[in-house]
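For reference, the structure is listed below as structure tokens.
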Amino acid sequence: MTAAAGLFDERGVDVPLEEIARRAGVSIGTLYNHFPNRGELLDAVLPDWVAEVDRLAKAALADPDPWRGFAGFMDGLFGIQARNRSMNDAIARTPVGPVDVVGECGHTGGVLESVVNRARAAGALRPDFGAGDLVTMIGAMSKAIAMANGDDAVWRRYLGFMLDGLRANGSRGES
């Protein structure tokens, strides 16, 4: 799993399974005995990602300022995508490729909903914005992250535009 996680991070989710086996020092047969397909291998690697998203959500929900919590969650979520090429590549696919990271991670939908609902209920977030909209924004931001080519300032600029448009009270630039 360590070899898979490292190669997924470096090269994306389409890295050949033979290369993962080689880096792990096992035969491809041994890899297939433990993980019959790429999706199951990715599932085994995803818990760390899910745990990181959970930590971000807990921090957002604990923040006394619902807007700051929401904006921090967004920044942290996109920061994870920017650091993890495989995750970002898989999210950026249209149509979804052989491994649908968002689809594999059903747990994350409830986390997104809780963060969005809290900010919306507090009147900090536009009332017409929902968790489904955030899923769409995650996909859109994955493209900006990919085009940023490692420059966090680029995707953070687009995040600022998004946050300005999402804030309920109309004030801008206060993320």
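Note on segment 3-38: among residues that are in contact with an Asp or Glu (Cβ under 7 Å, 6 or more places away or on another chain) and part of a helix (DSSP H, G or I), the one that is surrounded by the most Cβ atoms within 10 Å (Cβ to Cβ) is LEU7. Looking across segment 69-100, the residues that are at pLDDT 90 or above, within 17 Å of VAL115 (Cβ to Cβ) and either crowded, with 21+ Cβ neighbours inside 10 Å or among the basic types (Lys, Arg) (or both) come down to GLY69, PHE70, ALA71, PHE73, MET74, LEU77, PHE78. Taking each residue of segment 31-59 that is touching a residue at least 60 places away in the same chain (Cβ under 8 Å) and looking for partners that are assigned to a loop (DSSP other than H, G, I, E, B) and aliphatic (A, V, I, L, M) with beta-carbon atoms closer than 8 Å, six or more apart or interchain, yields ARG38/VAL13; ARG38/VAL99; GLY39/VAL99; LEU42/VAL13; LEU42/VAL99.
The values are calculated or read from the model by the stated rules, or taken from the named source; none is laboratory data. Everything numeric in this text was worked out from a predicted model, so none of it was measured. Every residue, glycine among them, receives a Cβ derived from its backbone with ideal geometry; neighbour counts consider all protein chains shown.
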